[in-house]
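The values are calculated or read from the model by the stated rules, or taken from the named source; none is laboratory data. Since the structure is predicted, the reported quantities are computational estimates derived from the model, not experimental observations. Cβ atoms come from the backbone with ideal geometry, glycine included; neighbour counts cover every protein chain shown.
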Amino acid sequence: MMNICREPRELVENRVSFAGPNAELSIYDTYLPAQDVNLAAGELLYCGMISGKKILHAAGNYTTEFLPQESFVMAPGEKIQIDFPEAALDSPTSCLTIEISRTRMDQVCSHMNKVSSLHRDFEEWRYRPETKLHTAHTPATQALLERLVHTFTEDLLDRDLLIDFGISELIVRMLRHQTRDFLLSACSAAPDANGLSAAIQHIRNELSEPLDIDQLCKIACMSRSRFFNEFKKHLGCTPMEFQHQLRMQEARERLARGEPVTRVCFDTGYCNLSHFSRRFQRQYGESPRQLQSRLLSKTA
């Protein structure tokens, strides 16, 4: 992903930084195994793994592996400890961080609340520091990160403007992912709070079944056009795409546990293994077997 030539000054968390408007990009390389290395976030800190593996420890006995093609977001003021079990001189553990000012986050939230406000039962667009955001990259997110690194590190004519565009897109992606998780939690707790909640919960309960849009409209008590508009405003996609995303998420979790690809394919509602594999590749940038092989090899 990255091709930045740099001579390390430190063997543990060697840092190279690039400043931009309302944001700062840093790239960290670690060349030796280490434990309990502290990292503190002054502002919101978006972290993306490049190579190797980290073990993250946060408050509340939170521990997780951090692997390539994954993101982890730290709230302002949050502190974590990091282990580097696989770092080596010829194979460093590398990641990037993008520090984003609270001012820019607030500006984007304010804009989204004006142009695309959520139903009153779902509060508003805002960053929720109490919710851990640790997720696999989609190809679109991966492409955005690569574009941001290029923009931060190259002497481009419109560098600052392009950085601001990229940071705004990254914030929107974070907000949509976190708010979707919040909506799913709210729908589970109160599926009858409103029509949209009921429809979302129905999709989740019948995840392996074909989608019946007319039935969903009846459940939501909305016309077809209004249902699609409200659904896309809150979830950022169509009901069909939302169902595919949930299916892919479940498939990824089951594949990571070592379950056979064919069984996962049919259990998540797909009748054709090739179609399942194409959808999975589009969602995660690698085939089900490639992902399973990569994740299982990390835990072997």
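Check whether at least one residue in the stretch 236-259 is more than 30 Å from M112 (Cβ to Cβ), free of Cβ contacts under 8 Å to residues at least 12 places away in the same chain and outside the structural domain of T64 (by TED's automatic domain parsing), and report yes or no. Yes - at least one qualifying residue is present in the stretch 236-259. Listed conditions (1) more than 23 Å from K114 (Cα to Cα); (2) of a type in the set (A, V, I, L, M); (3) within 25 Å of the chain's Cα centre (by Cα) are all met by I219, apart from (3).
Examine the stretch 14-21 for a residue that is surrounded by fewer than 14 Cβ atoms within 10 Å (Cβ to Cβ) and among the hydroxyl-bearing types (S, T, Y), and state whether such a residue exists. Scanning the stretch 14-21, I find at least one residue that is surrounded by fewer than 14 Cβ atoms within 10 Å (Cβ to Cβ) and among the hydroxyl-bearing types (S, T, Y), so the answer is yes.
Checking each residue in the stretch 85-102 for being touching an Asp or Glu at 6+ places or on another chain (Cβ under 9 Å) and either surrounded by fewer than 19 Cβ atoms within 10 Å (Cβ to Cβ) or within 22 Å of I167 (Cβ to Cβ) (or both) picks out S94, C95, T97, I98, E99, I100, S101, R102. Scanning the stretch 28-47 for residues that are over 15 Å from E13 (Cβ atoms) and not charged (D, E, K, R) yields G42, L44, Y46.
Give the residue that is nearest to R176 (Cα to Cα), with candidates limited to residues of the stretch 138-159 that are in a loop (DSSP other than H, G, I, E, B) and over 12 Å from the mean Cα position of the chain (by Cα). Residue satisfying both the conditions and the ranking: D158.
Each row is one residue, and each column tells you yes or no for (1) touching a Lys or Arg at 6+ places or on another chain (Cβ under 7 Å); (2) at pLDDT below 95.
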site	(1), (2)
G236	yes, yes
Q245	no, yes
Q249	no, yes
R252	no, yes
R257	no, yes
D267	no, no
C271	no, yes
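Every test in (1) at pLDDT 90 or above; (2) surrounded by fewer than 18 Cβ atoms within 10 Å (Cβ to Cβ); (3) hydrophobic (A, V, I, L, M, F, W, C) is passed by I171 save one, and that test is (2).
Yes or no: I82 at pLDDT 95 or above, farther than 24 Å from R9 by Cα and surrounded by 20 or more Cβ atoms within 10 Å (Cβ to Cβ)?
Numbers: at pLDDT 95 or above: yes; farther than 24 Å from R9 by Cα: no; surrounded by 20 or more Cβ atoms within 10 Å (Cβ to Cβ): yes.
It is false that I82 is at pLDDT 95 or above, farther than 24 Å from R9 by Cα and surrounded by 20 or more Cβ atoms within 10 Å (Cβ to Cβ).
Taking the criterion of being of a type in the set (V, I, T) and without any contact (Cβ under 8 Å) to a residue 40 or more places away in the chain, the residues of the stretch 50-95 that qualify are I55, T63. With respect to the conditions (1) surrounded by 15 or more Cβ atoms within 10 Å (Cβ to Cβ); (2) without any contact (Cβ under 8 Å) to a residue 24 or more places away in the chain, R9 lacks only one, and its number is (1). Y127 satisfies every condition listed in (1) surrounded by fewer than 16 Cβ atoms within 10 Å (Cβ to Cβ); (2) in a loop (DSSP other than H, G, I, E, B); (3) not polar (S, T, N, Q) except (1). Restricting attention to the stretch 88-119, the residues that are within 21 Å of the chain's Cα centre (by Cα) and in a strand (DSSP E or B) add up to 8.
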